[in-house]
Amino acid sequence: MLQKAVIFGAGCFVFGYLLWQLDFIFCTELTAIKRVLGMPWGFLLEFHGWWHILTAVGAHTFMIMIDVLTRDRVELLEGEFTLFGERTTVARTKGD
């Protein structure tokens, strides 16, 4: 459950950072392509904006994980993690 969340959150951070660097390196070329594509498709190449979105998703994911790990009662064996938090099926105390 949490391992998948770690991979998802870290993946969002890394992919967002990669897009930001590509935007920085190829800014002139991307701007020319965006002008050719026009709206609404040109916004897909706004990699700096995608960096902000993916960083926010990654940060949100890690905040949910910290919340789950620091609760008094944590589900350790079963459960389902979602983007909006986790849904547990069996709760056990951390010391169990």
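The values are calculated or read from the model by the stated rules, or taken from the named source; none is laboratory data. Owing to the predicted nature of the structure, the values given are computational and were not obtained by experimental measurement. With ideal geometry, Cβ positions are generated from the backbone for all residues, glycine too; neighbour counts draw on all protein chains shown.
Against the test of being over 19 Å from the mean Cα position of the chain (by Cα) and assigned to a helix (DSSP H, G or I), the options Ala10, Ala5, Ala32 yield a single qualifying residue, Ala32. Listed by first and then second residue, the pairs with beta-carbon distance under 8 Å, at least 6 apart or on different chains, first residue in the stretch 13-39 and over 29 Å from Ala59 (Cα atoms), second surrounded by 13 or more Cβ atoms within 10 Å (Cβ to Cβ) and modelled with pLDDT under 90, are Ile33/Gly42; Ile33/Leu45; Arg35/Gly42; Leu37/Leu45.
Condition test on Gly16, is it under 30 Å from Ile66 (Cβ atoms) and crowded, with 17+ Cβ neighbours inside 10 Å? Explain how you work it out, then say what you get.
On the way: under 30 Å from Ile66 (Cβ atoms): yes; crowded, with 17+ Cβ neighbours inside 10 Å: yes.
It is true that Gly16 is under 30 Å from Ile66 (Cβ atoms) and crowded, with 17+ Cβ neighbours inside 10 Å.
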